[in-house]
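Undergrad: Before we start, here is the structure in question, set down as structure tokens.
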2 protein chains.
Amino acid sequence: MNRRAKVIIVGGGFGGLCAAQALKSAPVDVTLIDRHNYHLFQPLLYQVATGSLSAGEIAAPLRSVLSREKNTRVFLVDVLDIDPLSKRVLLADGASLEYDSLIVAAGSQSSYYGHEAWREWAPSLKSVEEAINVRHKILYAFEVAERIADPAQRRAWLTFAIVGAGATGVELAGAIAEIARQTLKNDFRSIDPKEAQIILMDGAPRVLPTFPEDLAEKAKRSLLKLGVQVETGVMVKDIDKEGLTIQTHDGMNRMDARTVIWAGGVTVPALGKTLASRTHAETDKGGRIKVCPDLTIANYPDLYVVGDLAIALDPKGTPLPGVAQVAMQQGTYAAKAIVRRVQGKPKQKDFKYFDKGSLAVIGRWSAVADAFGVHMSGLPAWLVWAFIHLTYIVQFQSRILVFIQWAIQDLTFSRGARLITGTAATDFNFNKELASVAKSTEADKVTVPL
Amino acid sequence: MNRRAKVIIVGGGFGGLCAAQALKSAPVDVTLIDRHNYHLFQPLLYQVATGSLSAGEIAAPLRSVLSREKNTRVFLVDVLDIDPLSKRVLLADGASLEYDSLIVAAGSQSSYYGHEAWREWAPSLKSVEEAINVRHKILYAFEVAERIADPAQRRAWLTFAIVGAGATGVELAGAIAEIARQTLKNDFRSIDPKEAQIILMDGAPRVLPTFPEDLAEKAKRSLLKLGVQVETGVMVKDIDKEGLTIQTHDGMNRMDARTVIWAGGVTVPALGKTLASRTHAETDKGGRIKVCPDLTIANYPDLYVVGDLAIALDPKGTPLPGVAQVAMQQGTYAAKAIVRRVQGKPKQKDFKYFDKGSLAVIGRWSAVADAFGVHMSGLPAWLVWAFIHLTYIVQFQSRILVFIQWAIQDLTFSRGARLITGTAATDFNFNKELASVAKSTEADKVTVPL
């Protein structure tokens, strides 16, 4: 039988893309399926949300990234279901595809821990659309505040609450503080953007809970220096249009904040749940699928799960974190395992994660980094961060642009991508919002009917 | 009386922005009102639509452009009405503002000549949102074609019709031809993007009707060389989901084209009609307001209309074209007239347009230019075009980025901003679209229910 083995990869994120690239010269036919036509460099999404970069600068069309992989085709469609017995993938357009080996790299999505209603008031930061929505919200808040005379309302519009103090939350808080203190400082006439309150909160006792303690402490100090208020050990009880209800050790508190951003937990996408039930795989409480040491699902030696959707354990039995590095190494591992099988070679050793460290940027020339066990902060950490991120993006055209954007921005504090576009929810309310507060504006004092 | 004169500018396009800048050191209080928070460099919008540039690269936040104009405040709101008798402007939030002098620079919007239903199938190119929608349509068309086996349907998806052969239409057609012939040439496995048919049509007997005839002829030849089919003297009778019905000298013809882009006529926005009726101003059939030689509306010496909304005549009695140059010179003129009045100086001479020429880019290193009466084409014209556009954008941060984007793209044919984002109309139909054609796809031949 001379038929080439068919490999399907679900998802074009870090895990899926690395798998496709590792299969480049293999004697297999690869189909990569994604609902978007681009690979997104998610760690920089907060820079799109805060107007530093355009979406096009942190995303690369999957087809062009894979254009030289002649054995690979890209399908732009949703995957609805996977049947591991007949070894088929069902697509949203009704078609289905057969596979010999399957790599599921479907990633994660934001979780509101059962409070889906909060999503409307506190967008998260997992997609380009959400990032543009968040940008919209942040910039509009300053616009509305500029037109409001009532001090309490103005304060509520200038209060930005970020829920979740992991890397994304810390980076967002730092960026919003810089927008308020630097970027916008000359842009308004009625308000002083520096009045803005930026509050970073988390239920954990400290920021960056997955980082070494000394770095978390340094990050906290940098945030305080930028004017960010850090509230740890705080539980969010409710989020609505006006703000949040939080529980601290003093009891319940109300916080008026018209801009709330969700940098909280993640959960698995619907396809992850479907896959777990079809394979009777064990999951953790977040729904992540427990995989064997070779990243396959037990009893399905042709079905690999990599990245955020998988829960793999390190030698000590601790689950690996949901970061790009893990997904990339797992994607490459799964691809190599498939190639060895096709070539009739013996199985490779179990997957082992090579931890290069963790990084979070806090502001202009300031970051914390744990690189191969060496702890750094301030400018040296920022340089490591910039180097690593540019090295990755280097595969794409965007590299030079991003670098120059950063150079311009860090020298001038300006942010070029500060556009309010699209029809986010807030857009429709803006005129109404202003109308409701117009009574308090100066301009209105002399209104005459036309 | 020591009160500073109040100047209101409606619109932050070329006319409004030049007016605000010309009022920088004047002893007046300026309020610039726009519905967007950014100034858009419209002549490059087609590059956003064709994935060369991100929106952030051709737009600059109005507040940051005007941050040093300390006498100017920016309002982000719609203007609903203007009362020239009480000298007030009514805003969408219910507030109203008083003025001593008013500059209306509200621009134009696309016109479907009464066929509003066509808008759904043939988006135009006047806003960032529309440009992203057009980009979405163009890229999706290739994606759908990749999955279709039926030759007639595939051809319809790979047919791109551009209605209107003015500068925007010519530039769009050239850019789409380059996408098909160069950018995407290695990206697909089932289709050859070069099969794409790009048809540029116009009712006029030639392309670029406002350009000198020799340049129009050269532009046409460049388009043909790029593989664009040019159809002049063609009337569009209907546009629907499947394509267009057109009338040529042979009679009625049907053309299957799943991507139709409207680069046709323009009309005035609602505010223009309101203003004309409130001032009893004369208008042309497109609704543009006839202004006096000093750009005011007859009987309203404090009410200036500039840019696309105004119809001003040159010394021969010909209306000035609706281009950025005219709007900019008019905006500056109106601002200076206001300053002279405030300073008690005599009126300046009537407005006179200084025509620097016209430009249209056709493709990589190819353009036609009429600069101060000198006719150029090919690379020299492209260099003039690039120089002039960069000189303008030079005011904004975007300048270096745009230049580098072009350099990369012209050397590599790649286009970095090829993202399909947002929820354009086509998005919702995509899965359904594919489902309806799935029967003809190869992948479907062996579908089994899961």
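The values are calculated or read from the model by the stated rules, or taken from the named source; none is laboratory data. Owing to the predicted nature of the structure, the values given are computational and were not obtained by experimental measurement. All Cβ positions, glycine included, derive from the backbone under ideal geometry; neighbour counts span all protein chains shown. All accessible areas refer to the heavy atoms of the entire protein, side chains included, with ligands and DNA or RNA removed. Shrake-Rupley method; radii C 1.70, N 1.55, O 1.52, S 1.80 Å.
Undergrad: With a cut-off of at most 13 other beta carbons within 10 Å, and DSSP calling the residue loop, which trypsin sites (Lys or Arg not before Pro) in the range A:221-322 qualify? Please list them. Walk me through the numbers on the way to the answer.
TA: On the way: sites: A:ARG221, A:LYS225, A:LYS237, A:LYS241, A:ARG254, A:ARG258, A:LYS273, A:ARG278, A:LYS285, A:ARG288, A:LYS290, A:LYS316; in loops: A:LYS241, A:ARG258, A:LYS285, A:ARG288, A:LYS316.
Those satisfying the criteria are A:LYS241, A:LYS285, A:LYS316.
Undergrad: Now, a different point. Just from its helices, what would the mean residue ellipticity at 222 nm be for chain A, if runs of 4 or more DSSP H residues each count -39500 (n - 2.57) and the sum is divided by every residue, rounded to the nearest 500 deg cm²/dmol?
TA: Details: 13 runs with 146 residues, N = 450.
Calculated mean residue ellipticity at 222 nm is -10000 deg cm²/dmol.
Undergrad: Can you bin the protein assembly as shown into rounded, prolate or oblate? Criterion: square roots of the alpha carbon gyration tensor eigenvalues sorted a ≥ b ≥ c, rounded for a/c under 1.5, prolate for a/b above b/c, oblate for the rest.
TA: Taking the square roots of the gyration eigenvalues as a ≥ b ≥ c, the protein assembly as shown is oblate.
Undergrad: I want to verify a result. In a Gaussian network model of chain A, Cα cutoff 10 Å, which of these has the top mean-square fluctuation: A:PRO43, A:PRO123, A:PRO315?
TA: Comparing A:PRO43, A:PRO123, A:PRO315 in a Gaussian network model of chain A, the most mobile one is A:PRO315.
Undergrad: What net charge is computed for the residues neighbouring A:ALA371, neighbours being all others with C-beta under 15 Å from the C-beta of A:ALA371, Lys and Arg scored +1, Asp and Glu -1?
TA: Summing Lys/Arg as +1 and Asp/Glu as -1 gives -1.
Undergrad: Could you run the Karplus curve 6.51 cos²θ - 1.76 cosθ + 1.60 with θ = phi - 60° over the range B:253-259 and give me ³J(HN,Hα) per residue in whole Hz, x for Gly and Pro?
TA: Here the 3J(HN,Hα) series is 9, 10, 10, 7, 8, 7, 10 Hz.
Undergrad: If you plug each phi of the range A:183-192 into the Karplus form 6.51 cos²θ - 1.76 cosθ + 1.60 with θ = phi - 60°, what whole-Hz ³J(HN,Hα) values come out, in order, with x for Gly and Pro?
TA: 4, 9, 4, 9, 8, 10, 10, 9, 9, 9
Undergrad: Amide H neighbours of B:LEU80 under 5 Å, at least 5 residues apart or on other chains, H built in the peptide plane: list them.
TA: B:LEU90, B:LEU91, B:ALA92
Undergrad: Continuing with the same structure: What figure in square angstrom, to the nearest 10, would you give for the accessible area of A:LYS218 with a 1.4 Å probe?
TA: My reading of the accessible area for A:LYS218 is about 80 Å².
Undergrad: With θ set to phi - 60° and the Karplus curve 6.51 cos²θ - 1.76 cosθ + 1.60, what are the ³J(HN,Hα) couplings of the range A:356-361 in order, to the nearest whole Hz, using x for Gly and Pro?
TA: So the Karplus estimates, Gly and Pro as x, are 8, x, 9, 9, 8, 9 Hz.
Undergrad: Check the range A:231-367 and count each lysine pair with an alpha-carbon distance under 25 angstrom, considering only pairs eight or more places apart or from different chains.
TA: Summing the qualifying lysine pairs gives 21.
Undergrad: Heavy atoms only, probe 1.4 Å: what % of the accessible area of the protein assembly as shown goes to carbon and sulfur, would you let me know? Don't jump to the answer; show the numbers that get you there.
TA: Values: 20080 of 36980 Å².
Exposed carbon and sulfur together represent 54 percent of the surface.
Undergrad: Cα to Cα, under 17 Å, and not fewer than 8 places away if on the same chain: which lysines meet these conditions relative to A:LYS87?
TA: A:LYS6, B:LYS445
Undergrad: Measure nothing fancy, just the Cα-based angle from helix B:213-225's long axis to the longest principal axis of chain B, in degrees from 0 to 90, nearest 10.
TA: Value to nearest ten degrees: 30.
Undergrad: Can you tell which of A:LEU379, A:LEU208, A:LEU53 shows the greatest fluctuation in a Gaussian network model of chain A with Cα springs below 10 Å?
TA: Fluctuation is largest for A:LEU379.
Undergrad: Search the structure for amide H atoms under 5 Å from the amide H of B:TYR38, placed 1.01 Å from N in the peptide plane, and list their residues when 5 or more places away or on another chain.
TA: Long-range HN contacts for B:TYR38: B:LEU62.
Undergrad: Which of these, A:PHE354, A:PHE211, A:PHE142, has the largest mean-square fluctuation under a Gaussian network model of chain A (Cα springs below 10 Å)?
TA: A:PHE354
Undergrad: Label points 7 Å out from Cα along the Cβ direction at B:ALA92 and B:MET252: separation in nm?
TA: 3.9 nm
Undergrad: Additional query: What is the set of long-range amide H partners of B:LYS237 at a cut-off below 5 Å, with H atoms built 1.01 Å from backbone N?
TA: Under 5 Å from the amide H of B:LYS237: B:THR245, B:ILE246, B:GLN247.
Undergrad: For helix B:398-412, what angle does its Cα long axis make with the longest principal axis of chain B, in degrees from 0 to 90 and rounded to 10?
TA: For B:398-412 against chain B, the angle is about 20 degrees.
Undergrad: Points 7 angstrom from Cα along the Cβ direction at B:ALA117 and A:ASP81: gap in nanometres?
TA: Going from the B:ALA117 label point to the A:ASP81 one covers 3.9 nm.
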